[in-house]
Amino acid sequence: MLNKVVFLDRDGTINRDSHAYIKSWEEFEFIPGSLEAIKALTTNGFVNIVITNQSAVPRKLISLKDLEFVHNMMMQTVASSGGEIKDVFYCPHMPGDDCDCRKPEPGLIYQAQKKYGIDLTTAVMVGDSAKDIECARRAGCGTVVLVKSGKEDDVASVLKARKIRVDYVAKDLYEAAEWILESHS
C-alpha cells in the first residue's frame, strides 16, 4: 500500500492556467518552481499523481490523443528535471455531465487508489481551486493544500463559506512542497 502520495491538480498548480484552456503542448507553461517542487517530493519518497478536469476535450478544443501527448511531454519534462509523475488521471467530461470523475467528485482519486493501493488517510492533495480541495476532502485525503498560483482569487472565501478546511495555504507548488516535506517527514 502506498502511503506517501501527493495528488496534484494540473492547471493552476503545475502549469499556468488559461481561461481559453490548454489546447497544446505549446500552450503548456510550467509555473516557476513547480519542476523543482516535484523533484523535491520525488527525491523524498513521495509518489506524485496528477488529478485533473479536462473539459477542453468534450468542447472539441483538444483531442484525447493531443491531451495524452501534452501529459506525456509534461511527464518527460518532469523526469528530465529529476522528478516523477507516476500517473495522470483526468476527467474528459463537461460540467453537468453527471459523472463521478469530475472534481469536486472524488472519482479520479478513487481510480488512483484502486490502481495503486493508496492509503488516502496519509495522502496529500495540492490544488488551486475549491473543486480540488472539496474533492480531496470527499475522498478522505489526510492533508489538503491550497496553492494561490491559479486564476481564481476568492478560493479561500468560497471554502470558508462551504465550511471546507484547508491544512495549509501556499503561494505556489514549490512552497507547498516545502511545507509537505517539513510536516510529513
Show which aspartates and glutamates lie in cross-link reach of Lys151 when reach means a straight Cα distance below 15 angstrom and same-chain residues fewer than eight apart are skipped. Asp9, Asp11, Asp17, Glu29, Asp128, Asp132, Asp172
Percent RCO, i.e. relative contact order, over the chain, from Cα pairs under 8 Å lying at least 6 residues apart: 26 percent
Taking 0.36 nm per residue of separation between Ser24 and Asp66 and subtracting their Cα-Cα distance, the length gained on full extension comes to 14.4 nm
Between Ser80 and Arg165, what's the calculated FRET efficiency when r is the beta-carbon distance and R0 is 41 Å? Round to 0.05. 0.65
Within 12 Å, Cβ to Cβ, of Ala136, how many net charges do the neighbouring residues add up to if Lys/Arg are +1 and Asp/Glu are -1? 0
Sort 54-66, 35-47 for me by packing, meaning the mean count of neighbouring Cβ atoms within 10 Å per residue, highest on top. 35-47, 54-66
Label-point gap, in nm, between Arg59 and His184 - each point 7 angstrom along Cα→Cβ: 3.0 nm
For segment 66-118, diffusion coefficient by Stokes-Einstein and Kirkwood Rh (Cα), 25 °C, 0.890 mPa s, µm²/s: 195 µm²/s
State the dimensionless ratio Rg/Rh of the chain (Rg: radius of gyration of Cα atoms; Rh: Kirkwood radius). 0.93
For segment 77-93 and segment 123-185, write down the distance between their C-alpha centroids in whole Å. 19 Å
If I model segment 146-185 as equal point scatterers sitting on the Cα atoms and use the Debye formula, what is log10 I(q)/I(0) at q = 0.21, 0.24 Å⁻¹? -0.68, -0.81
Long pairs among Lys65/Lys163; Lys114/Lys160; Lys23/Lys148; Lys65/Lys115; Lys86/Lys148, criterion Cα-Cα beyond 29 Å: Lys65/Lys163; Lys114/Lys160
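Read-outs throughout are calculated quantities, based only on the coordinates presented, and are distinct from any laboratory measurement. None of these values were measured; they are calculated from a predicted model. Virtual Cβ from ideal backbone geometry, glycine too; neighbours counted across all protein chains shown.
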